[in-house]
Amino acid sequence: MSHLRRKPLAEHGLIHDVTPASAGWRYVGFALHRLAPGERAEARTGGREAILVLVEGKARLSTPEEDFGEMGERMEVFEGTPPHALYVPAESAWRAEATTPCLLAVCTAPGGGDFKARRLGPEGILAAERGTGTNLRRIHNVAMEDREVARSLLVTEVFTPAGHWSSYPPHRHDEDDFPRMTSLEETYYHRLRPAKGFGIQRVFTEDGSLDETIAVADHDVVLVPRGHHPCAAPHGIEMYYLNVMAGPLRKWRFAAHPDFDFLG
């Protein structure tokens, strides 16, 4: 199995727990909790900030300073509505208590600054289309750089129709050379409909030092430490993914693969 693919740890409870140490990098963390009604997940943030995303279902979310009440709306991710999300700053804590069966994603990166706990969605998250033809997909920018809501984290959702490509043409963001490019680690949390299908993601560098093509299943996480990272959804299978990015600068600047310049 590819060292870049993380399979679920369990069917219930903490089903993903990617840390900088386990990933072999410096910035991005990603956890996923599957909870039944009445079950709880909680953590202290320490020196890291967090964005909680209710991928599916509802939960009561709170920090030591504020009770945000019940959040969540879509009960199944492919309903396609913007997610409910909550920002939690460094040196704080959060608690989630499920009020329905739910999937709670916890995106983390180094924190700091004067950011306060706040709701990030669904208000303020607009659906946008990107690409054309079989490269068309729908984007929910939960916390990209146009929203000054975090110190390090960049978070977005992507819905890729069956038979389409995404994160394509191939592009990379692995050099700290702003404004030409920024260095951003990235995780992809994949969902598929139907769940028994598969998707494809290739992670590769132009010099060939990294080149892995991964058949992703429902609930897999793919790590992108560097290089290009396009995805494909086969005919008849829809693909969703939740992206988490972070690096030394909270900007998303990338370079397309030069062999694909003909695509414009």
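Would you check which residues across the stretch 196-223 are aliphatic (A, V, I, L, M), in contact (Cβ under 8 Å) with a residue 24 or more places away in the chain and either open to solvent by less than 30 Å² (accessible area, probe 1.4 Å) or not in a strand (DSSP E or B) (or both) and list them?
Listed by number, the residues that qualify are Val203, Ile214, Val216, Ala217, Val221, Val222, Leu223.
Which of the residues that make up the stretch 169-181 are more than 17 Å from Thr156 (Cα to Cα) and in a strand (DSSP E or B)?
Answer for the stretch 169-181, where residues must be more than 17 Å from Thr156 (Cα to Cα) and in a strand (DSSP E or B): Asp174, Glu175, Asp176, Asp177, Met181.
Mind listing whichever residues of the stretch 150-168 are of a type outside the set (S, T, N, Q) and assigned to a strand (DSSP E or B)?
Answer for the stretch 150-168, where residues must be of a type outside the set (S, T, N, Q) and assigned to a strand (DSSP E or B): Leu154, Val155, Glu157, Val158, Phe159, Trp165.
Could you tell me how many of the residues in the stretch 1-56 are farther than 24 Å from Thr99 by Cα, in contact with a Leu (Cβ under 9 Å, 6 or more places away or on another chain), modelled with pLDDT of 95 or more and not basic (Lys, Arg)?
Summing the residues that are farther than 24 Å from Thr99 by Cα, in contact with a Leu (Cβ under 9 Å, 6 or more places away or on another chain), modelled with pLDDT of 95 or more and not basic (Lys, Arg) in the stretch 1-56 gives 8.
Restricting to the stretch 114-135, give me the number of residues that are assigned to a loop (DSSP other than H, G, I, E, B) and either open to solvent by 50 Å² or more (accessible area, probe 1.4 Å) or without any contact (Cβ under 8 Å) to a residue 12 or more places away in the chain (or both).
7
Show me the strands (runs of 3 or more DSSP E) found entirely inside the stretch 4-113 where at least 1 residues are of a type in the set (Val, Ile, Thr).
13-18, 48-56, 85-88, 102-110
The values are calculated or read from the model by the stated rules, or taken from the named source; none is laboratory data. Predicted model, so just to flag it, every value in this text is computed and none were measured. Please note: Cβ atoms are built from the backbone with ideal geometry, for glycine as well, and neighbour counts cover all protein chains shown. Ligands, DNA and RNA are stripped out before the accessible areas are found, and what is left, the full protein with its side chains, is counted by its heavy atoms. Shrake-Rupley method; radii C 1.70, N 1.55, O 1.52, S 1.80 Å.
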